[in-house]
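The values are calculated or read from the model by the stated rules, or taken from the named source; none is laboratory data. The structure presented is a predicted model; accordingly, all values stated were derived computationally and were not measured. Here Cβ is always computed from backbone atoms with ideal geometry, including for glycine, and neighbour counts include all displayed protein chains.
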Amino acid sequence: MIFSFNVRIFVVRMKALRIIIWALLLGGAALSPVLVEAQSAKLTKEERKLERERKAAVRANAATEVKVRDGKYPSYNRLLKSTSYNVMYTEGLRYYNKKKRHKDHNSLMNYRRAQTLFDLAYRSQKFAGTPQEDSLVYYFGCSFYKTGEFDMSEQIFDRFRRDFTTSKFIEDAEYMYAMGFYFSSPDPEHDQSTTMRAIAAISEYEGRYPNTIKREECDTRMQELRKKLYTKSFENAKLYYTIGQYKAAVRALNNAIDEFPLSPYREELMYLATRSAYLFARNSVADQMTDRYLAMMDNYYDLISEFPETEHLREVEKMRDEAREHIAKHTQETTTQNGSN
């Protein structure tokens, strides 16, 4: 009895085991297409990266919302990972207007943080067509202006003054657009094309806003810029005199006088033009000397008529006397020669 009972138990267990094995085999067969499909749907490296970024943004957004809801400032690094663009805008303004402790100015780091947040908010296109769009672009440009990156601020403000002509920030934007060229203007020994652009931009600003409270400042800036052009022109023209190219020096110096009639170097330019013409005549061949002395006398009279008490008076009078003596001698020789003929 016991033996037969044990046999029956064994048989039942074997049947159960076979059923389990068949179930597993059938289940595996049924699951195999699912596994194949899952493998075929495996994410690429780029897709996995995007998915990680998406999940990080979700977590960052959640953390940011909690911070804002609790009246706290969200972490800057956490905010960079989020897509909370409205918060980026408001936090960008906070960083832009923040002051260093016990000081009345902001730090470069805060301006750069504001710059980055404004950039992300602007690129999101969330503010396109909204009332905040002009202020976002304006402060974005300001953040570059404050860090001295005038090439970028000029581009942004130039776009701003074309796209937001009725904005309350338009006058300030045009002012900083012009001042960006002023601060980018190099020393006189370098190319002065940026200086000329600065003069044009400030003139345009003053023309558009004749009653601006910045008029005096703009006029002072213009004087500084013009002084650079005067100095550059003077040094360029003087160079020909310095290296002994007197014919080219006369032409260059007279051109500088005509180009910048209000130059503070005007007297010096006229003196150098006279001296260059004198040296050019003095070192000429005999048959050309008289004509060149006569040309020198034109420069001399221009100088004396405008600056009768010039500090170079004694020197230029000696040049004049030498030129007159030569001209008189040449005239007498010509008259005698013509008479004998």
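Residues in the stretch 172-198 that are more than 16 Å from the chain's Cα centre (by Cα) and either of a type in the set (Phe, Trp, Tyr) or surrounded by 15 or more Cβ atoms within 10 Å (Cβ to Cβ) (or both): ASP172, PRO188.
All told, ASP187 meets the bar of being touching a residue at least 40 places away in the same chain (Cβ under 8 Å) and either in contact with a Cys (Cβ under 8 Å, 6 or more places away or on another chain) or not in a helix (DSSP H, G or I) (or both). Only one of the numbered conditions (1) of a type in the set (A, V, I, L, M); (2) out of contact with any Lys or Arg (no Cβ under 9 Å at 6 or more places or on another chain); (3) within 23 Å of MET88 (Cα to Cα) is not met by ALA173, and that is (2).
Scanning the stretch 211-237 for residues that are of a type in the set (S, T, N, Q) and touching a residue at least 40 places away in the same chain (Cβ under 8 Å) turns up THR212, THR231.
Quick check, is GLU189 in contact with a Gly (Cβ under 6 Å, 6 or more places away or on another chain) and among the acidic types (Asp, Glu)? So GLU189 fails the test. Taking GLY148 as meeting all but one of (1) surrounded by fewer than 21 Cβ atoms within 10 Å (Cβ to Cβ); (2) part of a helix (DSSP H, G or I), write down the number of the exception. Result: GLY148 fails condition (2) only. The requirement of being closer than 22 Å to GLN192 by Cβ, of a type in the set (Lys, Arg) and free of Cβ contacts under 8 Å to residues at least 40 places away in the same chain is fulfilled nowhere in the stretch 288-301; no residue meets it. Of the set (1) within 21 Å of PHE157 (Cβ to Cβ); (2) without any contact (Cβ under 8 Å) to a residue 24 or more places away in the chain, all apply to GLU204 but (2). Every condition in (1) part of a helix (DSSP H, G or I); (2) out of contact with any helix residue (DSSP H, G or I) (no Cβ under 7 Å at 6 or more places or on another chain) holds for GLN125 except the one numbered (1). For the stretch 250-289, filtered to residues that are surrounded by fewer than 19 Cβ atoms within 10 Å (Cβ to Cβ) and over 46 Å from the mean Cα position of the chain (by Cα), the residue that is nearest to ILE327 (Cα to Cα) is MET289. The residues in the stretch 151-160 that are over 17 Å from PHE118 (Cα atoms) and touching a Ser or Thr at 6+ places or on another chain (Cβ under 9 Å) can be counted, and the count is 1.
Say whether the condition of being hydroxyl-bearing (Ser, Thr, Tyr) and out of contact with any helix residue (DSSP H, G or I) (no Cβ under 9 Å at 6 or more places or on another chain) is met by at least one residue in the stretch 99-107.
For the stretch 99-107, residues hydroxyl-bearing (Ser, Thr, Tyr) and out of contact with any helix residue (DSSP H, G or I) (no Cβ under 9 Å at 6 or more places or on another chain): present.
Close Cβ contacts (under 7 Å, 6 or more residues apart or on different chains) running from residues in the stretch 268-281 that are more than 13 Å from LYS247 (Cβ to Cβ) and at pLDDT 95 or above to residues that are among the β-branched types (Val, Ile, Thr) and surrounded by fewer than 24 Cβ atoms within 10 Å (Cβ to Cβ) comprise LEU269/ILE257; MET270/ILE257; TYR271/THR310; TYR271/VAL316; THR274/VAL316. Checking the stated criteria, ARG226 turns out to be over 22 Å from TYR138 (Cα atoms) and either surrounded by fewer than 14 Cβ atoms within 10 Å (Cβ to Cβ) or modelled with pLDDT of 95 or more (or both).
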